[in-house]
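Nothing in this text is a laboratory measurement; each read-out follows from the coordinates by a stated rule. Predicted model, so just to flag it, every value in this text is computed and none were measured. Glycine gets a Cβ as well: all are built from the backbone with ideal geometry, and neighbour counts include every protein chain shown.
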Amino acid sequence: MVPDARKLESLSYDEMQELASAGAKVLNAQAVEWAKARGITILARTAHGQGTGTAVQELAVPTDHRLKGVTADAEMAVLAASEPVRLAELLEFLDARAVRGRTLDFEGPVGGARRTVITVPLADIHGADALRRELATRFGDAVSWREDLGTVTCVGVGLNADWAPLRRALAAAEELGAHVHAARTSPLQLTLLVDKAHLKALTARLHRELLGG
């Protein structure tokens, strides 16, 4: 998706886990967690085995670069629930069917309408069509299911020390005409939920602007 991407010499376990969880087709997040627990350094190389690869290990001192990677994920279902659906009821429904979401956003302002958005990797759903029918039977129009959205995620230690990266990401999306349906930040991650049609262009743009690649 980004032809001129640069190889990183090293990544922390946490950074690699965030990238893997966000859809990067490099390492399995559970494998990284296993290596982290045992202090094992992972050498990640391309499928062709060229070059020295990237060392995934515990980094005592963060590197100077706040942003380490940008990845996109198009293989997901986005479930959006509005009132009168109770969050606990929806989660119980999903748990009973072994559907584990990647992310969950819940808004419940005092005196305002509650809203829940859950992203679920399609690879983790066994029988997506049947699940959609069961959702419609149980919750009707109160829970929607969309597969036309995807995420672009930026990862790096200290990424959200200020709002500059998020402001630049939102500005880039606006310039590309990519509507941002949701934005999420954490100490290691910045994620935008956009239409799939804009994933490739937005990923390349953020890689170029925030990573300099």
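Ranked for footprinting exposure by Cβ neighbours inside 10 Å, fewest first, ILE118, ILE42 give ILE42, ILE118. A straight chain from ARG146 to LEU176 at 0.36 nm per residue would run longer than the Cα-Cα distance by 8.6 nm. The gain in end-to-end length when the THR137 to ALA161 segment is fully stretched comes to 4.2 nm, 0.36 nm per residue minus the alpha carbon separation. The aspartates and glutamates within cross-link reach of LYS68, meaning a Cα-to-Cα straight distance under 17 Å and a gap of 8 or more places when in the same chain, are ASP4, GLU9, ASP14, GLU15, GLU18, GLU58, ASP162, GLU209. Given +1 at the Cβ of Lys and Arg, -1 at the Cβ of Asp and Glu and no other charges, the dipole of region 72-213 around its Cα centre is 160 debye to the nearest 20. Taking 7 Å along the Cα-to-C-beta vector as the label spot, tell me the LEU91-TRP34 distance in nanometres, rounded to one decimal. Computed distance between label sites LEU91 and TRP34 equals 2.8 nm. The Kirkwood radius of region 76-146, taken over pairs of alpha-carbon atoms, gives through the Stokes-Einstein law at 25 °C and 0.890 mPa s a diffusion coefficient of 200 µm² s⁻¹.
Computed from backbone phi with θ = phi - 60° and the Karplus coefficients 6.51, -1.76 and 1.60, the 3J(HN,Hα) list for region 148-165 is 9, 10, x, 10, 10, 10, 10, 10, x, 5, x, 4, 9, 5, 9, 8, 4, x Hz; x is used for glycine and proline.
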